[in-house]
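Student: Encoded as structure tokens, here's the structure I'll be asking about.
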2 protein chains.
Amino acid sequence: MADSDNNAASGAELTPEQLEALLAVRGEIDRLDGEILQRLAERARCAQKVGEIKRGPLYRPEREAQVLRAIAERNPGPLSNEAVQRIFREIMSWCLALERPMKVAYLGPQGTYSESAAGKHFGGAPDLQPQQTIDDVFHAVEAGAAEYGVVPVENSTEGAVGRTLDLLLSAKVSVCGEVSLRVRHNLMSKASDLSQVKRIYSHSQSLSQCNDWLAHHAYGIPRLPVSSNAEAARMAAADPEAAAIAGEKAAQHYGLPILHANIEDDSNNTTRFLVIASHDASPSGRDKTSIVCSALNKPGAVHALLQPFADKGVSMTKFESRPSRTGLWEYVFYVDVEGHRNDPAVTAALKELAERAAFLKILGSYPIAAI
Amino acid sequence: MADSDNNAASGAELTPEQLEALLAVRGEIDRLDGEILQRLAERARCAQKVGEIKRGPLYRPEREAQVLRAIAERNPGPLSNEAVQRIFREIMSWCLALERPMKVAYLGPQGTYSESAAGKHFGGAPDLQPQQTIDDVFHAVEAGAAEYGVVPVENSTEGAVGRTLDLLLSAKVSVCGEVSLRVRHNLMSKASDLSQVKRIYSHSQSLSQCNDWLAHHAYGIPRLPVSSNAEAARMAAADPEAAAIAGEKAAQHYGLPILHANIEDDSNNTTRFLVIASHDASPSGRDKTSIVCSALNKPGAVHALLQPFADKGVSMTKFESRPSRTGLWEYVFYVDVEGHRNDPAVTAALKELAERAAFLKILGSYPIAAI
């Protein structure tokens with residue numbers, strides 16, 4: 001039999017004592033698995049009981065966030081908090097699906113970051129429904145074809161996703177959750193290695209996000225900001241002395257070998273997604289509230305508009321202005337604040353804001369992403 | 001506050017009795033979660049002990065397959081077998097990653113079916129490394145840059161993935177696992193609905209895979225087989241009276257609205273992937289063995305080549321011929337049989353085959369996909 005030596009499974013070199021110890025540990029694992037399995041069954045029956053008591057959607061974003069936070073707090077190790085949270089995300093996902101699988105629309109096709117975000121937020125059980133456009137995701141949720149939708153809202157390198165913001169302004173949906181996904185940068189070039197590279201193209205934000213790595217590994221090579229990471233990859237593809245910093249899809253698209261992967265300084269470099277539904281979430285203890293509002297276009301109007309948050313001690317975590325497409329106001333402002341709209345300080349600030357604003361829509365309160 | 005009624009979280013309409021019952025069940029869930037968490041920690045410490053006893057790779061495909069099968073057999077419900085297997089896949093994935101995350105190369109970019117297959121087989125913990133080509137996946141495993149690689153090998157609609165087969169013939173890697181992913185078909189057209197459609201294009205295999213659906217919903221509309229599903233989509237994009245049956249990515253690529261999704265008759269319509277490594281797997285009790293061999297090009301040679309399997313009662317699950325690229329033989333044959341190469345019947349059949357074949361390479365024995 002040719003090549004059979006290549007195929008020998010390793011690990012056959014255990015002594016009899018080691019083998020005995022190994023089998024003992026495996027027996028212990030089997031016992032624990034049986035105990036876990038038993039408790040998963042009990043947990044699933046509890047989930048069914050919740051379904052009998054409650055009407056309406058079984059999925060409660062605030063409850064899931066609370067469970068995931070409690071898991072991290074009670075985690076005795078040696079598994080990481082991320083590990084136990086991911087495992088419990090999967091457990092909750094399948095317990096919820098017992099009644100019937102949830103339908104979650106996302107910006108397709110299959111295999112996009114939005115699909116990864118939907119999986120991260122809802123686990124493996126839901127029926128994920130890819131949609132061709134962001135509009136289609138909103139329509140699916142508005143029409144009830146899907147209970148939840150997942151749409152990108154901001155990207156560390158590319159900025160806000162305008163279409164999502166525009167649709168949030170007008171659509172009859174609420175925001176009931178957020179998801180963050182890590183974004184990775186890669187140095188790509190037709191040059192065989194970095195010593196052959198004479199210039200590095202990328203979006204200015206990406207260049208600054210890789211600053212430490214570039215200082216250590218590409219000292220003295222000029223960095224040239226361009227309009228987008230895709231444009232940088234296109235330019236590097238046409239110039240063998242150039243490199244680009246961009247995502248992996250750009251490397252694939254322009255046939256650029258990746259010389260160094262994951263060179264971003266901050267491993268928390270993320271893209272943010274919102275989960276939309278017909279309702280938002282109840283308070284979980286650690287929440288955000290998203291609103292969109294507008295002021296009359298006169299000096300100081302924006303400052304005055306936001307004054308109630310400062311007065312009530314409510315922290316703003318995001319402020320984004322965007323030209324209004326309706327023609328009624330010049331700009332609309334997308335604001336995220338810490339806290340739930342039912343928290344007294346937030347309620348009071350929103351009440352005052354409503355009196356000052358030309359327009360106010362509360363997009364929803366939802367738990368701060370737990371994983 | 002405009003629109004605040006739209007945002008009211010549902011579920012606030014519980015009676016005090018219902019609320020009390022709900023809180024009691026949630027308390028029970030919290031208790032169970034604590035017990036599960038405790039056992040996950042014990043299980044993780046067991047995994048660490050296994051690491052201390054054994055040298056070499058901790059990941060044992062046969063052991064994981066056995067655990068997943070045992071979980072399904074011991075599953076008391078109400079969770080489905082798929083549900084408990086997916087949860088335990090995640091548990092094993094994170095326990096294994098305690099020592100250090102496994103490196104798994106796959107055919108990128110991120111978001112391909114190969115990535116989904118890698119996630120299905122290895123869970124969420126490993127360090128997934130996208131590669132630009134199938135060759136790169138093989139190189140990564142051969143060079144030790146990744147311990148495992150995931151490559152597509154056959155597609156229900158498009159047939160074998162030739163490059164993977166060619167590389168298996170020559171590369172110094174073994175097959176240590178398989179993964180199946182469901183493939184979905186969609187009816188897409190520029191027509192507003194099916195009544196406007198005068199002809200339906202698709203690959204003949206896809207047409208036959210949607211036969212029931214077409215008989216019920218598209219009775220009398222001519223079905224025209226073309227060379228590929230992508231070609232069908234291209235043709236439908238140019239002809240508003242035509243529809244195509246194809247995957248969602250084709251709909252996206254050609255801007256074709258999907259009129260009906262998931263119309264395949266057999267929900268087990270799948271794409272198959274192989275997991276490659278420096279070693280194959282030990283027997284798990286339910287295994288497959290993949291080989292590639294060649295016969296002299298004379299009448300009856302292929303039949304004679306395969307005779308040993310029939311003689312020893314070894315079932316063939318796949319037989320695929322492919323023109324040889326080396327010039328030494330006209331054809332090579334890729335054969336999958338049931339059983340492990342260490343099973344006496346398989347060992348005996350392979351020994352006889354080795355005597356008859358002009359060339360034989362045992363690609364590896366591995367567990368039949370458990371999930």
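The values are calculated or read from the model by the stated rules, or taken from the named source; none is laboratory data. All figures in this text were calculated on a predicted structure; none of them were measured in a lab. Cβ: placed from backbone, ideal geometry, glycine included. Neighbour counts: every protein chain shown.
Student: Applying the selection to the range B:342-356, what residues are within 12 Å of chain A (Cβ to nearest Cβ) and touching a helix residue (DSSP H, G or I) at 6+ places or on another chain (Cβ under 6 Å)? Steps first, answer last, please.
Tutor: Narrowing the range B:342-356 to residues within 12 Å of chain A (Cβ to nearest Cβ): B:342, B:346-355.
Matches in the range B:342-356: B:Ala348, B:Ala349, B:Glu352, B:Leu353.
Student: Restricting attention to strands (runs of 3 or more DSSP E) lying wholly within the range B:128-244, give those where 1 or more residues are of a type in the set (A, V, I, L, M, F, W, C), crowded, with 21+ Cβ neighbours inside 10 Å and touching a strand residue (DSSP E or B) at 6+ places or on another chain (Cβ under 8 Å). Quick ask: steps written out before the conclusion?
Tutor: Details: elements: B:148-155, B:174-182, B:186-189, B:199-203, B:223-226.
Where strands (runs of 3 or more DSSP E) fall fully within the range B:128-244 and carry at least 1 residues being of a type in the set (A, V, I, L, M, F, W, C), crowded, with 21+ Cβ neighbours inside 10 Å and touching a strand residue (DSSP E or B) at 6+ places or on another chain (Cβ under 8 Å), they are B:148-155, B:174-182, B:186-189, B:199-203.
Student: Hey, any hits in the range B:231-244 for a residue that's in the same structural domain as B:Ser208 (by TED's automatic domain parsing) and within 30 Å of B:Ala370 (Cα to Cα)?
Tutor: The answer is no, given that none of the residues of the range B:231-244 is in the same structural domain as B:Ser208 (by TED's automatic domain parsing) and within 30 Å of B:Ala370 (Cα to Cα).
Student: Suppose we filter the range A:119-170 for residues that are aliphatic (A, V, I, L, M) and touching a residue at least 60 places away in the same chain (Cβ under 8 Å); how many remain? Break it down stepwise before answering.
Tutor: Step one: list which residues in the range A:119-170 are aliphatic (A, V, I, L, M), which gives A:125, A:128, A:134, A:137, A:140-141, A:143, A:145-146, A:150-151, A:153, A:160-161, A:165, A:167-169.
Okay, now just the ones that are also touching a residue at least 60 places away in the same chain (Cβ under 8 Å), so A:137, A:141, A:150-151, A:153, A:160, A:165, A:168-169.
So the answer is 9.
Student: Here's another thing I want to ask about it. For the range A:44-57, give me each residue that is within 25 Å of B:Ala72 (Cβ to Cβ) and touching an Asp or Glu at 6+ places or on another chain (Cβ under 7 Å). Even if it seems obvious, please write down each step before you answer.
Tutor: The first filter runs over the range A:44-57 and keeps only residues within 25 Å of B:Ala72 (Cβ to Cβ), leaving A:44-49, A:51.
Of everything in the range A:44-57, those that are within 25 Å of B:Ala72 (Cβ to Cβ) and touching an Asp or Glu at 6+ places or on another chain (Cβ under 7 Å) turn out to be A:Cys46, A:Gly51.
Student: Looking only at the range A:105-127, filter to residues that are more than 23 Å from A:Glu248 (Cα to Cα) and assigned to a strand (DSSP E or B); which one of those is modelled with the lowest pLDDT?
Tutor: Selected residue: A:Asp127.
Student: Would you call B:Ser202 closer than 30 Å to B:Leu363 by Cβ and either over 22 Å from the mean Cα position of the chain (by Cα) or among the basic types (Lys, Arg) (or both)? Working first, answer last.
Tutor: Numbers: closer than 30 Å to B:Leu363 by Cβ: no; either over 22 Å from the mean Cα position of the chain (by Cα) or among the basic types (Lys, Arg) (or both): yes.
Taking the combined requirement at face value, the residue does not satisfy it.
Student: Being part of a helix (DSSP H, G or I) and either modelled with pLDDT of 95 or more or facing chain A (nearest Cβ under 7 Å) (or both) is the filter here; which residues of the range B:7-23 pass it? Break it down stepwise before answering.
Tutor: Initially, the range B:7-23 is screened for residues part of a helix (DSSP H, G or I), giving B:7, B:16-23.
Scanning the range B:7-23 gives B:Asn7, B:Gln18, B:Ala21, B:Leu22.
To keep it simple, each residue is scored yes or no on (1) under 22 Å from A:Ile291 (Cβ atoms); (2) of a type in the set (S, T, N, Q); (3) in the same structural domain as A:Ser324 (by TED's automatic domain parsing).
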{"site": "A:Glu142", "(1), (2), (3)": "yes, no, yes"}
{"site": "A:Glu147", "(1), (2), (3)": "no, no, yes"}
{"site": "A:Val151", "(1), (2), (3)": "yes, no, yes"}
{"site": "A:Thr164", "(1), (2), (3)": "yes, yes, yes"}
{"site": "A:Leu168", "(1), (2), (3)": "yes, no, yes"}
{"site": "A:Val173", "(1), (2), (3)": "yes, no, yes"}
{"site": "A:Glu178", "(1), (2), (3)": "yes, no, yes"}
{"site": "A:Ser192", "(1), (2), (3)": "no, yes, no"}
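Student: Another question, if that's okay. Give the residues of the range B:98-111 that are within 7 Å of chain A (Cβ to nearest Cβ) and either crowded, with 23+ Cβ neighbours inside 10 Å or in contact (Cβ under 8 Å) with a residue 40 or more places away in the chain (or both), sorted by residue number. Quick ask: steps written out before the conclusion?
Tutor: Residues of the range B:98-111 that are within 7 Å of chain A (Cβ to nearest Cβ), as a first pass: B:98, B:108-111.
If the condition is that a residue be within 7 Å of chain A (Cβ to nearest Cβ) and either crowded, with 23+ Cβ neighbours inside 10 Å or in contact (Cβ under 8 Å) with a residue 40 or more places away in the chain (or both), then B:Leu98 is the only one that fits.
Student: Among the numbered conditions (1) at pLDDT below 90; (2) in contact with a helix residue (DSSP H, G or I) (Cβ under 8 Å, 6 or more places away or on another chain); (3) within 11 Å of chain B (Cβ to nearest Cβ), tell me where A:Phe88 comes up short.
Tutor: Just one mismatch for A:Phe88, condition (1).
Student: Scan the range A:28-51 for residues that are in contact (Cβ under 8 Å) with a residue 24 or more places away in the chain and more than 7 Å from every other protein chain (Cβ to nearest Cβ) and report the count.
Tutor: Here the count works out to 2.
Student: Then there's this: Search the range B:203-218 for residues that are over 21 Å from B:Ala230 (Cβ atoms) and pair each with any residue that is among the β-branched types (Val, Ile, Thr) when their beta-carbon atoms are under 8 Å apart and the residues are at least 6 apart or on different chains.
Tutor: That search, which allows pairs on different chains as well, returns B:His217/B:Ile263.
Yes/no per residue for (1) within 10 Å of chain B (Cβ to nearest Cβ); (2) farther than 20 Å from A:Glu154 by Cα; (3) among the hydroxyl-bearing types (Ser, Thr, Tyr):
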| position | (1), (2), (3) |
| --- | --- |
| A:Leu224 | no, yes, no |
| A:Met235 | no, yes, no |
| A:Ile245 | no, no, no |
| A:Pro257 | yes, yes, no |
| A:Glu264 | no, no, no |
| A:Asp280 | yes, no, no |
| A:Asp287 | no, no, no |
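Student: If you go through the range A:40-84, how many residues are under 23 Å from the mean Cα position of the chain (by Cα) and part of a helix (DSSP H, G or I)?
Tutor: 17
Student: Follow-up. Across the range A:60-75, what is the total count of residues that are surrounded by 21 or more Cβ atoms within 10 Å (Cβ to Cβ) and not aliphatic (A, V, I, L, M)?
Tutor: Residues meeting the conditions: 4.
Student: When you scan the range A:317-331, how many residues do you find that are within 24 Å of the chain's Cα centre (by Cα) and within 14 Å of chain B (Cβ to nearest Cβ)? Explain how you work it out, then say what you get.
Tutor: Of all residues in the range A:317-331, those within 24 Å of the chain's Cα centre (by Cα) come to A:317-322.
In the following step, the residues that additionally are within 14 Å of chain B (Cβ to nearest Cβ) were identified as none.
So the count comes out to 0.
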